[in-house]
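The values are calculated or read from the model by the stated rules, or taken from the named source; none is laboratory data. No experiment lies behind these values; they were computed from the predicted model shown. In this analysis, Cβ positions are derived from the backbone assuming ideal geometry, glycine residues included, and neighbour counts consider all displayed protein chains. What goes into the accessible areas is simple: the full protein's heavy atoms, side chains included, and nothing from ligands, DNA or RNA. Shrake-Rupley method; radii C 1.70, N 1.55, O 1.52, S 1.80 Å.
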Amino acid sequence: MKLRAGTTALVTGASSGIGAALGRSLAKRGVTVGLVARRKERLEDVLADAKANAPDSRIWPADLGDLELAERVALEAWHAFGHVDILVNNAGIPKRRHVTDLTFDEVEEVMRVNFFAPARMTMALLPKMLERGKGSIVNVSSVAGRLGNPREAAYSASKFALNGWSEALAVDLWDTPLEIRLINPGAIETEIWYTPGEDDPLYEGDKEPPENVAEGIVAAIEGDTFEHYLPDMKPIVDAKQADIDGFMAGAAAWVKSVGR
Ligand SMILES: NC(=O)c1ccc[n+]([C@@H]2O[C@H](COP(=O)([O-])OP(=O)(O)OC[C@H]3O[C@@H](n4cnc5c(N)ncnc54)[C@H](OP(=O)(O)O)[C@@H]3O)[C@@H](O)[C@H]2O)c1
């Protein structure tokens, strides 16, 4: 979809990291943005920047783990803006925990925020987008939606769910004007790595700035291909698909080598 002044986008997880960078980047292009997350003050900071170029932008402070509220926010945004051209399901929480230390409540919470909320918001807007004959749905997943990350079983499961959902959705909607985009970020320097209550990350290597991912998402929206690895980690996913037993043995050896 070509972005222009007057395009409307609802971006979840817009109070920090990738979503905040994307909100600012879309607004710079004149896109009216609806910004969703729990932390109101942080949303207001992003909104202040967005309003410089997109004065009708708004915030919706909301906990998307409440799925009825998630649906209400999507419908309220449609009503407030007149329509939503682009829904970006970006909000997400980590869960860095060895599987033997995970509780089922934690698994459920991660699935709710990372998968059920995107599904619920998509299903709320899908009939309206179809009726209008226009719409783009962008799901910000993870390379952990293609690789089962050690010590992140719940997080990986939620992202695999989002990837499978996105693929099937795109095929179901193949002959419609709607556009589905799947974004698989790699390691990006955001607060998700420092969320309180999580185990320390196993990965301690380089991370890319969230602004790079935001620009990649803009390019994905304006382009015509489904899946986007930002940065390009597809060769690693391809290597896993070619030899999953070898890949898992390598992953287990790597976990031992970092001492956990
Ligand atoms: N950073 C990485 O290395 C990386 C890699 C792969 C994929 N991703 C994915 O990228 C997306 C954005 O993450 P990020 O890296 O930018 O991390 P982040 O800075 O922690 O951003 C996460 C966003 O999600 C929001 N959020 C979390 N729980 C929510 C809830 N219950 N209701 C509403 N909003 C909620 C947070 O806002 P509030 O706390 O204010 O609610 C925040 O705006 C996530 O889906 C993440 O899984 C990130």
Item to check | Residue order for 93, 137 - accessible surface, 1.4 angstrom probe, largest first | outcome: 93, 137
Checklist entry - Roughly how big is the chain's charge dipole about its Cα centre, with Cβ charges of +1 (Lys, Arg) and -1 (Asp, Glu), in debye to the nearest 20? => result 460 debye
Next on the checklist: What do you get for the angle between helix 244-257 and the principal long axis of the chain? Use alpha-carbon atoms, 0 to 90 degrees, nearest ten.
Outcome noted: 80 degrees
Next on the checklist: Students sometimes get this wrong: rank 35, 69 by accessible area, probe 1.4 Å, all chains present, largest first.
Outcome noted: 69, 35
Item to check | Base-10 log of normalised Debye intensity for the range 107-156 (one unit scatterer per alpha-carbon) at q = 0.31 Å⁻¹ | outcome: -1.15
Next on the checklist: Would you report the distance distribution of C-alpha pairs in the range 69-114 as whole percents per 5 angstrom bin, up to the bin with the largest distance?
Outcome noted: 5, 17, 21, 16, 12, 10, 9, 6, 3, 1
Next on the checklist: Tell me the angle of helix 40-51 to the major Cα principal axis of the chain, expressed in degrees between 0 and 90 and rounded to the nearest ten.
Outcome noted: 50 degrees
Item to check | Accessible surface, 1.4 Å probe, highest first, among residues 244, 192 | outcome: 244, 192
Checklist entry - Taking H as built 1.01 Å from N, whose amide H comes closer than 5 Å to the amide H of residue 38, not counting residues under 5 places away? => result 62
Checklist entry - Could you list, bin by bin from short to long, the percent of Cα-Cα pairs of the chain in 5 Å steps? => result 1, 6, 13, 18, 20, 17, 11, 7, 4, 2, 0
Next on the checklist: With the crude spin-label approximation of a point 7 Å out along Cα→Cβ, what separation in nm comes out for residue 254 versus residue 172?
Outcome noted: 3.3 nm
Checklist entry - Helix 210-222 versus the longest principal axis of the chain: what is the Cα-based angle in degrees, 0 to 90, to the nearest 10? => result 60 degrees
Checklist entry - Considering the Cα trace of the range 139-260, what is its radius of gyration and what is Dmax, both in angstroms? => result 15.5, 50
Checklist entry - Got a sec? Which residues in the range 232-254 would a label at residue 189 touch, if it sits 7 Å along Cα→Cβ and we count backbone N under 20 Å? => result 232-233
